[in-house]
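Here's the structure, in structure tokens; my notes come after.
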Amino acid sequence: MKTQIVSVDNLSAKEQSYTQAVDLLEAGETVAFPTETVYGLGAVATNEVAVRKIFEAKGRPQDNPLIVHIGEKNDLDSFTMNIPELAKECMDAFWPGALTLILPLKPNTLAVNVTAGLNTVGVRMPEHPVALELLRRLKRPVAAPSANRSGKPSPTQAVHVLHDLDGKIPLIVDGGATGIGLESTVLDVSTDIPTILRPGGVTREMLEKVIGPVNETKLTDQVEAPRAPGMKYAHYAPDAPVYLIEAYIEEVQKAVKSIHNDNKKVALIASDSYSECPADYFFTLGKENQLEDAAHLLYEALRKCDESDADLVLVPAFPKQGVGNAIMNRLEKAAKGNWFNLD
Ligand code: TXA
Ligand code: MG
């Protein structure tokens with residue numbers, strides 16, 4: 001299969017690109033498109049054969065359910081039921097936006113492989129103009145995981161999608177670099193106190209201002225009893241092993257020295273304040289203490305490691321506050337929980 005990239009940045013290209021994307025989706029094909037978090041790989045969520053193509057293109061395990069994307073709140077009526085009050089408050093406050101809500105699934109509506117047989121479904125209304133336009137033209141719910149090969153960092157640019165899925169999908173709609181750069185927050189609203197299953201752009205602090213106390217699953221809970229089924233799989237990992245390290249220049253310098261003593265090459269992913277460290281490769285996460293910038297640049301930086309010949313990757317830790325929480329969640333997975341040990 002030949003993979004085509006189309007743009008939406010001028011009026012004539014735009015019309016043709018949306019028509020092509022809608023036609024392919026209607027015909028049961030997959031299409032990659034930008035959202036404000038990361039690029040998604042979409043298929044019509046009621047079409048089991050089309051949804052299967054997503055799993056095949058990504059190499060994704062079948063027991064990991066997909067997020068369903070909608071263009072209008074009314075679209076929910078066709079496939080969810082008994083929506084809790086709290087969920088409605090979240091929709092009013094955060095949709096369109098980077099918040100996925102786990103809602104009760106109306107039986108026999110969506111293709112079973114979308115929800116991996118669960119009786120709940122993750123739903124969000126994306127805020128990206130291209131995603132919204134596509135969904136509103138199509139007028140159908142679209143199942144869309146991140147458009148990367150399973151295990152790799154999510155794509156934040158159309159070229160990342162092409163790198164991972166070239167020849168496996170027919171179309172990529174290029175809408176430029178995504179804004180937030182990390183996947184949406186996944187919130188389970190079925191319990192008395194809602195639980196964040198995956199931290200993301202909508203932070204715990206933002207949620208608590210609207211709906212009161214919110215719990216968060218710890219990474220260890222996720223390994224033992226994953227409530228977001230995707231959490232048990234390795235994620236976001238470059239080929240070289242990743243190590244977290246305390247965020248002190250002296251620590252990082254010592255680590256780089258000891259790696260060089262072992263005749264190995266190291267890539268450093270960090271804010272610009274670390275740029276003078278003598279690592280073999282430096283991939284920036286922007287200015288110091290700018291968590292939004294770091295989120296925006298993180299996956300690109302992890303992907304760049306695969307283009308280098310670094311033997312290992314070091315990343316100074318971030319404070320687990322606000323978006324830092326989501327950044328550390330992804331980094332702990334990329335590092336499989338490993339911290340660099342100087343002794
Ligand atoms: O920002 C995003 O959410 C992106 C863009 C494309 O919208 N999508 C995305 O999808 O990250 P994906 O499939 O890569 O991640 C979906 C996450 C997984 O961790 C999955 O286990 C969880 O949501 N999930 C989906 N449905 C669920 C359900 N019914 N119950 C619990 N967790 C669910
Ligand atoms: Mg993903």
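The values are calculated or read from the model by the stated rules, or taken from the named source; none is laboratory data. Nothing here was measured: the structure is a model prediction, and the numbers come from that model. Here the Cβ positions follow ideal geometry from the backbone for every residue, glycine too, while neighbour counts run over all protein chains shown. For accessibility, only protein heavy atoms count, side chains too; no ligands or nucleic acids. Shrake-Rupley method; radii C 1.70, N 1.55, O 1.52, S 1.80 Å.
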Restricting attention to the stretch 234-254, does a residue exist that is over 22 Å from Ala177 (Cα atoms), polar (S, T, N, Q) and out of contact with any helix residue (DSSP H, G or I) (no Cβ under 8 Å at 6 or more places or on another chain)?
-> yes
Matching residues, the stretch 1-17, being more than 8 Å from Val173 (Cβ to Cβ) and part of a helix (DSSP H, G or I) = Leu11, Ser12, Ala13, Lys14, Glu15, Gln16
Cross-chain or 6+ apart pairs with Cβ under 9 Å, the stretch 128-145 first and in the same structural domain as Glu183 (by TED's automatic domain parsing) and without any contact (Cβ under 8 Å) to a residue 60 or more places away in the chain, then open to solvent by 20 Å² or more (accessible area, probe 1.4 Å) and among the small types (Gly, Ala, Ser) | Pro129/Gly175
Restricted to the stretch 295-327 and to residues being under 18 Å from Val252 (Cα atoms) and without any contact (Cβ under 8 Å) to a residue 40 or more places away in the chain, the residue farthest from the chain's Cα centre (by Cα) is Pro319
The residue from Val223, Val159 that alone is of a type in the set (A, V, I, L, M), modelled with pLDDT under 95 and assigned to a helix (DSSP H, G or I) is Val223
Restricting attention to the stretch 161-177, which residues are surrounded by 24 or more Cβ atoms within 10 Å (Cβ to Cβ) and out of contact with any Phe, Trp or Tyr (no Cβ under 6 Å at 6 or more places or on another chain)?
-> Asp164, Ile169, Ile172
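Let's see how each residue does on (1) open to solvent by less than 10 Å² (accessible area, probe 1.4 Å); (2) among the acidic types (Asp, Glu):
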| residue | (1), (2) |
| --- | --- |
| Ala13 | no, no |
| Val22 | no, no |
| Glu26 | no, yes |
| Glu29 | no, yes |
| Ala43 | yes, no |
| Glu56 | no, yes |
| Asn82 | no, no |
Do you know which residues across the stretch 9-28 are without any contact (Cβ under 8 Å) to a residue 12 or more places away in the chain, over 16 Å from Pro129 (Cα atoms) and acidic (Asp, Glu)?
-> Asp23
Can you tell me which residue among Arg136, Arg140, Arg149 is open to solvent by 10 Å² or more (accessible area, probe 1.4 Å) and either under 22 Å from Lys168 (Cα atoms) or small (Gly, Ala, Ser) (or both)?
-> Arg149
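Could you tell me whether any residue of the stretch 295-303 is surrounded by 15 or more Cβ atoms within 10 Å (Cβ to Cβ), touching a strand residue (DSSP E or B) at 6+ places or on another chain (Cβ under 6 Å) and under 29 Å from His163 (Cβ atoms)?
yes
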Residue list for the stretch 121-156, filter: away from ligand 2 (no atom under 16 Å from the Cβ), hydrophobic (A, V, I, L, M, F, W, C) and in a helix (DSSP H, G or I) | Val130, Leu132, Leu134, Leu135, Leu138
Of everything in the stretch 90-133 that's open to solvent by 20 Å² or more (accessible area, probe 1.4 Å) and among the small types (Gly, Ala, Ser), which residue is farthest from ligand 1 (Cβ to nearest atom)?
-> Ala93
Contact list, first residue from the stretch 330-343 and open to solvent by less than 70 Å² (accessible area, probe 1.4 Å), second anywhere and part of a helix (DSSP H, G or I), beta-carbon distance below 7 Å, six or more apart or interchain, is Arg330/Leu298; Glu332/Leu219; Ala334/Leu302; Phe340/Ala255; Leu342/Lys254; Leu342/Ala255; Leu342/Ser258
If we keep only residues of the stretch 306-323 that are part of a helix (DSSP H, G or I) and within 18 Å of Val242 (Cα to Cα), then the residue most open to solvent (accessible area, probe 1.4 Å) is Glu307
Across the stretch 178-210, which residue is nearest to ligand 2 (Cβ to nearest atom) among those that are assigned to a loop (DSSP other than H, G, I, E, B) and open to solvent by 20 Å² or more (accessible area, probe 1.4 Å)?
-> Ile180
Subset of the stretch 259-289, residues surrounded by 15 or more Cβ atoms within 10 Å (Cβ to Cβ) and out of contact with any strand residue (DSSP E or B) (no Cβ under 8 Å at 6 or more places or on another chain), comes to Gly286
